[in-house]
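Asker: Got a structure for you, questions after.
We did not get these values from a lab; they are worked out from the coordinates using the rules stated. Because the structure is predicted, anything quoted here is derived from the model rather than measured. As a convention, Cβ positions derive from the backbone with ideal geometry for all residues, glycine included, and neighbour counts pool all protein chains shown.
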Amino acid sequence: MTTYRQFVSAEMKNRGSGVCPKEHMKVIAKKWRDGKAGQGVDQGTQTENTDQLTLDVPLFIRLLEYAKEDAKTDMDLHKLTENALNLKKGLLTMDDYDKIIDVSSSGAGMNEGEGIIPAKDKIYLLLSQEAYEPKNNRKATITASGETFKYDKRLSDLRTAIYHSPTRLIIAHRGTVPTDEEDLSADLFIAKDDFANSPRARHALEKANKAIKKYKKLTVSNTGHSLGGSTAQYVGSQMTLDNAKVVSFNAGSSPYNLKKSIFKWLRCKVLSRSDECKRQRMQTLYTTIADPIAFWQLPLSTVIKAEKWNPHSMENYIPEEEEVQPPAPRRRRRRAT
């Protein structure tokens, strides 16, 4: 008996193209619903044999993000659906995400291919790195996944790098610089699980509010590494739900966080529709499993295997082929005689 998936594939082949425009998809869907699949399937049999998927809410939201930001053609979405159906499971969860997206072939990686984090989050990694640069040395523009972000030098400062595209505002918070006494003081507030009362937290929130006031029509995200990741999480928690997106890398945490993280994870398994859990689903907390600084938020984290000697380093998120290579020696030109 022909399934909907088989029917769509056959229709796409008949049209002589691997890409199926949206208007064609509407025609195909209507043709299927009307029971004209060419297999003599009546409406009752059709309903009985229609492919079905059951997703939990976090996976559903993540797949919507993929469809909006990463899928290049309708074929990517058909491939996603086929991968999900091939799992043949009752309830699909975030544990199945990598298998459904098939990172090695879908372009969801950092380099439009295989990567450590999805392509949609590469911009956050780049900006978190850029935040460590002195204010006057940061790049004027940074491009990732086809989207270009411009640096607002006037609004940025030593600890905050503010970048914007035509639709998005990303506030990148700098991590700890060992020679900066204020950074070390902020780290102590994190260790005591009292970061919200630190001068660093207040300063970051003030800076974020100024940026939001200036770029009123843009959606807001916060990002950062280490202390910067903790700062991003705090600022994101103070934003409205529409602007609560956070992507952090090995954010600093306290042993006091572990119990809170476990209870929050359990609560959101049961009360998934609460505002707290909606806000939590808008946060992607990347953590390398061997990092003692970020270890205490593991229950809420997306765990990455540490490949470098320093598990806290951002280099763990960069594939080897993308690491900066030393420039080749320049050849001297011979002068004509």
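Asker: What full-extension length gain, to one decimal in nm, is calculated for residue 87 and residue 9 as 0.36 nm per residue of separation minus the Cα-Cα distance?
Answerer: My answer for the length gained is 26.2 nm.
Asker: Give a residue-ordered list of calculated ³J(HN,Hα) values for the range 178-190 (Karplus: 6.51 cos²θ - 1.76 cosθ + 1.60, θ = phi - 60°; whole Hz; x for Gly, Pro).
Answerer: Listing the rounded values in order: x, 8, 9, 5, 5, 5, 5, 5, 5, 4, 5, 4, 5 Hz.
Asker: Assuming 0.36 nm per residue, please report the length gained on full extension of the stretch residue 210 to residue 179 beyond their Cα-Cα distance.
Answerer: 8.4 nm
Asker: Could you check the simple spin-label distance between residue 54 and residue 265, using points 7 Å along Cα→Cβ, in nm with one decimal?
Answerer: 2.4
Asker: By the scheme Lys and Arg +1, Asp and Glu -1, what is the net charge of all other residues having a beta-carbon under 14 Å from that of residue 187?
Answerer: Around residue 187, the charge tally is -2.
Asker: A further question on this structure: What is the local net charge at residue 300, summed over the other residues whose Cβ is closer than 10 Å to its Cβ (Lys, Arg +1; Asp, Glu -1)?
Answerer: Numbers: positive: 260, 264; negative: none.
Residues close to residue 300 contribute a combined charge of +2.
Asker: Starting at the first residue of the range 128-137, write each ³J(HN,Hα) from the Karplus equation 6.51 cos²θ - 1.76 cosθ + 1.60 with θ = phi - 60°, in whole Hz, x for Gly and Pro.
Answerer: 5, 5, 5, 5, 6, 6, x, 3, 7, 9
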